[in-house]
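The values are calculated or read from the model by the stated rules, or taken from the named source; none is laboratory data. What you see is a predicted model, and the numbers here were worked out from it, not measured in a lab. A quick note on method: Cβ atoms are made from the backbone with ideal geometry, for glycine too, and the neighbour counts reach across all protein chains shown. Remember, those area values only see protein heavy atoms, side chains included, never the ligands or the DNA or RNA. Shrake-Rupley method; radii C 1.70, N 1.55, O 1.52, S 1.80 Å.
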Amino acid sequence: MGLRIYNTLSGKKEDFVPVEEGKVKMYVCGMTVYSDAHLGHARTYIAFDIIRRYLEYKGYKVTYVQNITDVDDKIIRSAREKGMDPLEYSRYYTERCLSDLSALGIREADIYPKASEHIDDMIEMIQKIIENGYGYVSDGDVYFSVDRFADYGKLSKQRIEDMRAGARIEPSEKKRNPLDFALWKSAKPDEPKWKSPWGEGRPGWHIECSAMSIKYLGVPFDIHGGGRDLIFPHHENEIAQAEAAYGKGFARYWLHTGLLKIRGEKMSKSLGNIISVREAIKKYNPEAIRFFFASTHYRSPPNFTEEAIEHARRSLEKIYRIYDILGYFERKGGEEEDEEVNSLVEELKKEFEEAMDDDFNTPMALKAIFRFIDRLNNKIKVSGMGSRSSKLARETLLKLCNVLTLLQDVKEEEINMDEVVGLLEKYGIEKRIRSPEEGIDALIELRDSARRERDWVKADSIREDLRRLGLEVEDTKMGTIWYRKRKL
């Protein structure tokens, strides 16, 4: 079975067939940069980072575009409150927001187009919409005529009649129909403005994404993503604009993430429960936050709690523990092939890919990884494992965890040579060592000897000294193993 994706447009899972074989063009709605990035942003961008990584794992060449909305009503209001120029204000928060996402461990997009740098592209698209009979000018403003677009509502599954019943026209608006939306807004005092055929002004929010996605990905392109809150009106309007301008399909697959809850409640300013990324990574390990999001399917609403993050941290410890134990056996195991381990590796890859091929089912992919870990632990208790098979298992675990944004910064931290030599001297071990690992092996041998002689005081003392070096010691039927205990 190949990759199947739930398409919001069709309301069902579909086989994924890209526009161009071997390539995926992907656009995800970016931040409106009027404040710092928060965990709601993190939820969406971690989800699409995983999707992008899995597509690359499948062998696709992915072009990932994530816009920056730096011209918007919220930005203008916030800048005015601070007494700043709106574009200067948005530049400041653009740098902070992108820095926040990077600090959280989210990969950079291939392209970050800014709305303010693509005004000409938007004007060109608006002109096409007007020429094709879908837009009209009203005293310096330009509106999209929803009645002219027969398929309006096809993404959000709403009927125009029902939408019209709840819509209204603000006194400041000059549109013909309450549902019509702004493509271009005439200039107002103290707002950013650009020249256009309809007078000075600025673009509407919706036209920004339509113009920028098409500029960099063409039309049609493969995947358009964002949070569920963008389905209507933003993404609905994007479709209407693009199809009205170009007369053909816009994005083929529409993917939407479930919205984050904080302790069971919707995240919102009114509830005062917005957690910025900066606050979060001061308190929690960024990788634990990524694990937390990966443990919920991208279309479901994750519930952020202290308990959930602690569970994520403990789960990561299990992954790192087996990763480091595999490193021990890679260094110390025999050269013979271990067919049992090789078989477990193949089974893991099969289960992982089946989960991810089913609409990027990350919770099931994690279950496959933990089943693999449990099976390896049982294997280690009984018979240990060989060097080559340990290397294969370790490399596979790293590769699959990387898809889920995990273990991406894993490092083999050096053990302090002087501290190891000091322990050898403490316990009277006269041995010249070429590496810290050789010294630790000698200490483990002394501890094993102490245990055989029932000298529990010495055995426990050596264990505690090794723990102070950040090393964990485990006794198995096949002998004693040791590995670095990572702090998460």
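Picking from ARG486, ARG463, ARG447, which residue would you name as being surrounded by 16 or more Cβ atoms within 10 Å (Cβ to Cβ) and closer than 30 Å to SER102 by Cβ? Don't jump to the end; show me each part of the working.
Values: ARG463 fails: closer than 30 Å to SER102 by Cβ; ARG447 fails: closer than 30 Å to SER102 by Cβ.
From the options ARG486, ARG463, ARG447, the qualifying one is ARG486.
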Residue within the stretch 186-195 that is hydroxyl-bearing (Ser, Thr, Tyr), more than 24 Å from the chain's Cα centre (by Cα), under 30 Å from PHE16 (Cα atoms) and outside any helix (DSSP H, G or I) present
no
Please go through the stretch 293-316 and pick out each residue that is surrounded by 14 or more Cβ atoms within 10 Å (Cβ to Cβ) and part of a helix (DSSP H, G or I).
PHE293, ALA294, ALA308, ILE309, HIS311, ALA312, ARG313, SER315, LEU316
Selection over the stretch 137-148 where residues are crowded, with 20+ Cβ neighbours inside 10 Å and of a type outside the set (Val, Ile, Thr) yields a count of 4
Mind listing just one residue for me: the one in the stretch 389-414 that is crowded, with 17+ Cβ neighbours inside 10 Å and touching a Gly at 6+ places or on another chain (Cβ under 8 Å) and, of those, nearest to ASP324 (Cα to Cα)?
ARG394
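Where residues in the stretch 201-223 are in contact with a Gly (Cβ under 8 Å, 6 or more places away or on another chain) and part of a loop (DSSP other than H, G, I, E, B), which of them is least open to solvent (accessible area, probe 1.4 Å)?
VAL219
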Check on GLU354, open to solvent by 60 Å² or more (accessible area, probe 1.4 Å) and either out of contact with any helix residue (DSSP H, G or I) (no Cβ under 6 Å at 6 or more places or on another chain) or modelled with pLDDT of 95 or more (or both):
yes
Only one residue in LYS367, LYS381 is open to solvent by 10 Å² or more (accessible area, probe 1.4 Å), of a type outside the set (Ser, Thr, Tyr), in contact with a strand residue (DSSP E or B) (Cβ under 8 Å, 6 or more places away or on another chain) and in a helix (DSSP H, G or I), so which one is that?
LYS381
Filtered residues of the stretch 231-255 (kept if out of contact with any Gly (no Cβ under 6 Å at 6 or more places or on another chain) and under 14 Å from TYR298 (Cβ atoms))
TYR253, TRP254
I'd like to check something: does the stretch 99-116 contain any residue that is over 30 Å from GLN408 (Cα atoms) and at pLDDT 95 or above?
yes
Some residue of the stretch 124-136 being under 13 Å from PHE181 (Cβ atoms), over 35 Å from the mean Cα position of the chain (by Cα) and open to solvent by less than 20 Å² (accessible area, probe 1.4 Å):
yes
The one condition in (1) open to solvent by 60 Å² or more (accessible area, probe 1.4 Å); (2) among the charged types (D, E, K, R); (3) touching a strand residue (DSSP E or B) at 6+ places or on another chain (Cβ under 6 Å) that GLU474 fails to fulfil
(1)
Out of all the residues in the stretch 254-288, which are in a strand (DSSP E or B) and either touching a helix residue (DSSP H, G or I) at 6+ places or on another chain (Cβ under 9 Å) or modelled with pLDDT of 95 or more (or both)?
TRP254, LEU255, HIS256, THR257, LYS261, ILE262, SER276
